[in-house]
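A.B. asks: Quick one: this structure, given as structure tokens, is what I'll be asking you about.
Any read-out appearing in this document is the output of simple, stated calculations on the displayed coordinates, not a laboratory observation. For clarity, every value in this text was computed on a predicted model and none was experimentally measured. Please note: Cβ atoms are built from the backbone with ideal geometry, for glycine as well, and neighbour counts cover all protein chains shown.
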Amino acid sequence: MSPVDTFIVFALPRSRTTWLSRYLSYGAWVCGHDEAVRMRWFDDIGAWLSLDKTGSVETAVAPFWRTVLKLSPGIRVATIRRPVSEVVESTINAGAPEAARDALTREMTKLDHKLDQIEKRIPGVLSVKCDDLASERVCAKLFEHCLGLEHDFAWWADMDRQNIQINFPWLIRYVQAHKPQLDKLVATAKCATLRDLALKPPGGKDDIVIAEESLDVMVRDAQEMFSRHSFRVGEHPESFNEKNIALGRRVEAMGKLQVITARCNGRIFGYLMTVIGPSLESVTRVSATHTLFYAGEEFPGLGLKMQRVALERLRQRGVSEVFLHDGVRGSGGRNNVIYRRLGAKEFGSLYRLDMEVA
């Protein structure tokens, strides 16, 4: 599959971005404007960037430029710069409350620093001042950079006569109405960025220590991995805070919970939690069920090593059968390879009936 032809323009709000999106929608090209606010899932970003002859002018995506480049490596990039003080003033004049001035200034300053970062880190970025969009020469340069086409004077002259503004009060209402979904998308994108930025831990594979430890210690030290895990299964990166840790402590106090972690230099890169109990099938049998299971990508083969340590500990505790889940959420059916290598056999299928919606 050949790479798609795409571009993205990063900018602060109130920087002629709506007009620019119309100006760059030319011929076969379609240029969106703040497409990110219409997205709900991380996969939506990849789908959007997979469209050929597509671009967008985005005013809130600058913090996630690394993710954009990862999903679309050949994308052409430009920035529009306007002083933060002018952006804040224009935003308030457009309908934002005066009481929000300080918060707006802080937020716009952060975004402006991200534009600095983009210009320093991405080769070939074209940077344009907002005021210079009044110049045909500058618009022509931006047009050719983004679309890869020769400048069309007649198109520019027609667009230059138009004053195109977004319905800003409606945009504010839209964002407020979809705030929970957008917050989840932002948190997920942030988690993906942090995951990609994570450096490979020092030392080799043999530096990993796999051991049993308490639930509270694991919960205390595994917050980063919890965010990654939640991201992988399509949950909010902070959703682990909703897990029933109190029940886990009670099960652990009864001696019916096993927690295995994998650490390198003290940092957790994987965990496997197992619940142990008597079997309803036999009075002599002790059963165990794997529940929470995650192995970081930094150490290939870590999941299998953790499983082997966990199973040996379970044998020592007298467990005679272990139930292992595969493809329930997030794993995508990949765990079955690990389970087969451990000697496990398929034992029916797992179904879930959600009583809250059934």
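A.B. asks: Once you treat every alpha carbon in the stretch 111-160 as an equal point and sum by Debye, what is log10 I(q)/I(0) at q = 0.16, 0.31 Å⁻¹?
C.D. replies: -0.54, -1.16
A.B. asks: Here's another thing I want to ask about it. What is the sum of charges, Lys and Arg at +1 and Asp and Glu at -1, for the other residues whose Cβ falls under 12 Å from the Cβ of residue 4? Kindly include the intermediate steps, with their values, before the conclusion.
C.D. replies: Working: positive: 53, 76; negative: 5, 52.
With Lys, Arg at +1 and Asp, Glu at -1, the net is 0.
A.B. asks: On to the next question. Mind checking the full-extension length gain between residue 221 and residue 297? Use 0.36 nm per residue of separation minus the Cα-Cα distance, one decimal, nm.
C.D. replies: Full-extension gain reported as 25.6 nm.
A.B. asks: In what sequence do 153, 10, 168 fall when counting other Cβ within 10 Å, fewest first?
C.D. replies: Going from least to most buried by this count: 153, 168, 10.
A.B. asks: Something else: Test of understanding: ordering 306, 218 by Cβ neighbours within 10 Å, fewest first, what list do you get?
C.D. replies: On the way: 306 24, 218 20.
Ascending Cβ contact count within 10 Å gives the list 218, 306.
A.B. asks: Something else now. Give 305/345; 110/243; 70/305; 53/141 a once-over and call out the pairs whose C-alpha atoms are over 21 Å from each other.
C.D. replies: Over 21 Å Cα-Cα: 110/243; 70/305.
A.B. asks: Which ordering of 122, 245 is given by a fewest-first count of other beta-carbon atoms within 10 Å?
C.D. replies: Least crowded to most crowded, the residues run 245, 122.
A.B. asks: Taking residue 179 as the anchor, which aspartates and glutamates have their alpha carbon closer than 20 Å to its alpha carbon, excluding any fewer than eight residues away along the same chain?
C.D. replies: 34, 35, 43, 44, 58, 107, 235, 238, 242
A.B. asks: On to the next question. If the stretch 6-196 were replaced by its equivalent ellipsoid, with semi-axes equal to the square roots of 5 times the Cα gyration tensor eigenvalues, what would those be, largest first, whole Å?
C.D. replies: Working: eigenvalues 118, 91, 51 Å².
After diagonalising the Cα gyration tensor, the semi-axes are 24, 21, 16 Å.
A.B. asks: Could you give the C-alpha radius of gyration of the stretch 199-341 expressed as a fraction of 2.2 N^0.38 Å, taking N as the number of residues it contains?
C.D. replies: 1.04
A.B. asks: Now for a different question. Let me understand the chain better: what is its radius of gyration from the alpha carbons, and its Dmax, in angstrom?
C.D. replies: Using the Cα atoms of the chain, the pair Rg, Dmax is 26.1, 86 Å.
A.B. asks: Oh, and also: Which of the peptides 102-115, 57-70, 277-290 is most tightly packed, and how do the rest follow, going by the mean number of other Cβ atoms within 10 Å of each residue?
C.D. replies: Most protected by this proxy first, the peptides run 57-70, 102-115, 277-290.
A.B. asks: Nearest 500 deg cm²/dmol is fine: what mean residue ellipticity at 222 nm does the chain get from its DSSP H runs of n ≥ 4 alone, each adding -39,500 (n - 2.57), divided by its residue count?
C.D. replies: After summing the helix terms and dividing by residue count, I get -12500 deg cm²/dmol.
A.B. asks: Then there's this: Between residue 93 and residue 265, what is the label-point separation in nm under the 7 Å Cα-to-beta-carbon projection?
C.D. replies: 5.1 nm
A.B. asks: Assuming R0 = 35 Å, can you tell me the calculated FRET efficiency for the pair residue 173 and residue 244, based on Cβ-Cβ distance, to the nearest 0.05? Intermediate values should be presented prior to the final figure.
C.D. replies: Details: r = 37 Å, r/R0 = 1.04.
Step by step, r from the Cβ atoms, then E = 0.45.
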